[in-house]
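So the structure is just underneath, and the comments pick up after that.
Values quoted throughout were computed directly from the atomic coordinates according to the rules given, and no laboratory measurement underlies them. Predicted, not measured: the structure shown is a model, and the values here were computed from it. Cβ atoms come from the backbone with ideal geometry, glycine included; neighbour counts cover every protein chain shown.
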Amino acid sequence: MTRPFILTISNRKGGTGKTTTAVNIAAEAAIRGGRVLLVDLDTQGHSNLGFGIAVSKGQATAHDIFRANARLGVLATAIVETNLPGLSLVPADHTFDGLDSIRDMDRLRRELALPEISQRFDLIILDTPPSLDILLMNAMAAANAVLIPVLPHILSSEGVKQLIRLFFKIATSVNADLKLMGFVPVMLNLRTGLHRDVMNSLSTQYGKERIFRGIRSDISLAEAFGKGQPIQHYDPKSRGAQDYRYLWEEMLDAWPELRRKKQHSERSS
Ligand SMILES: Nc1ncnc2c1ncn2[C@@H]1O[C@H](COP(=O)(O)OP(=O)(O)O)[C@@H](O)[C@H]1O
Ligand SMILES: [Mg+2]
């Protein structure tokens, strides 16, 4: 039995393209035939809006698993289908304040390992909050790898350092399987010397092979989100669509385990 590959998209800073990357990579993988689940763990995040999905009051969400009285299996009941074949979503609860949250680091991993989820998907993408709380730690504890979108700006380095510290902590304690997939510069403009400098310094610190080419600044990414569509549907010829396609190809090249065996179109056959 193959298990899904679990990728967490994280940075300890907000506004670094985590949600945009999670939504568009999930869409790209599904368009190419993967069976993909996107889990939105950010109470301020809006992955659901990226697919034009509204969350109604009382609907099950990703955050239900962190409540003290939650039953194992509740995450699977929160899955909704997007209008993109092969892509399912677990929305966030924007009213979750964490006050009665459990402190268990392993809660998400156990939910994702249940057959209702692990046999149904090839790829699980976790969109995470920037705050250092139990939600982010659960994501890191559950994942096979972490992908870090970064703004190529001097002020963004602290968020990256904090995330890397957490990465080492988790990788040397609860999740020895966790790997650093690498960094995706977003809102990139390589004509700016500063952007080049920041990317060079990341490359020196973490290795050239861990720096993806990145996503250029493209307003259509924000527009697509506003229209509730992944960029590949909203404007497949845009720079954003090209860059996310290329990113997924780079990821496939570097991580053969992302090349899935089953395709969602085979489900019914
Ligand atoms: N490559 C890009 N070019 C232009 N705008 C972008 C790009 N990536 C993200 N954005 C915009 O930047 C803002 C923050 O992105 P978001 O993905 O929500 O970040 P995070 O989830 O890390 O907080 C959003 O308004 C988004 O539409
Ligand atoms: Mg976000």
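Quick look at the numbers
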read-out	value
Axial C-alpha extent at least 24 Å, average Kyte-Doolittle at least 0.0 - helices from the chain (DSSP)	none
Where only C-alpha atoms are counted, convex hull volume of region 54-166 per residue in Å³	136
For region 41-108 versus region 17-36, the gap between their alpha-carbon centres in whole angstrom	18
Packing-based exposure ordering (other Cβ within 10 Å, fewest first) of Thr204, Thr192	Thr204, Thr192
Fewest-first sequence of Thr82, Thr20 by Cβ atoms within 10 Å of each Cβ	Thr82, Thr20
Contour excess over end-to-end distance, with Cα ends at Ser157 and Tyr246 and 0.36 nm allotted per residue	29.6 nm
When the convex hull of its Cα atoms is projected in every direction, mean area for region 1-46 (nm²)	3.8
Cα pair distances of the chain binned at 10 Å [whole percent]	7, 32, 39, 19, 3, 0
Gain upon complete extension [Tyr206, Phe168; 0.36 nm per residue less C-alpha separation]	12.4 nm
Ranked Lys169, Lys237, Lys13, criterion: other C-beta atoms within 10 Å, fewest first	Lys237, Lys169, Lys13
Given Lys18/Lys161; Lys57/Lys227; Lys13/Lys208; Lys13/Lys57; Lys208/Lys237; Lys13/Lys161, the pairs whose alpha carbons are separated by over 20 Å	Lys57/Lys227; Lys13/Lys208; Lys13/Lys57; Lys208/Lys237
Derived scalar couplings ³J(HN,Hα) [region 103-120; Karplus, 6.51 cos²θ - 1.76 cosθ + 1.60; whole Hz; x for Gly, Pro]	9, 6, 7, 10, 5, 5, 4, 5, 4, 6, 7, 5, x, 4, 9, 5, 8, 9
Percent of beta bridges antiparallel (DSSP, the chain, rounded to nearest 5)	10
³J(HN,Hα), Karplus 6.51/-1.76/1.60, whole Hz, each residue of region 60-68, x for Gly, Pro	5, 9, 4, 6, 4, 5, 8, 7, 4
Net charge contributed by nearby residues that have their C-beta within less than 13 Å of Arg103 (K/R +1, D/E -1)	-2
Spatial separation of Cα centroids for region 189-243 and region 165-183, in angstrom	24
Value of D in µm² per second that Stokes-Einstein yields for region 139-251, Kirkwood Rh from Cα pairs, at 20 °C (1.002 mPa s)	141
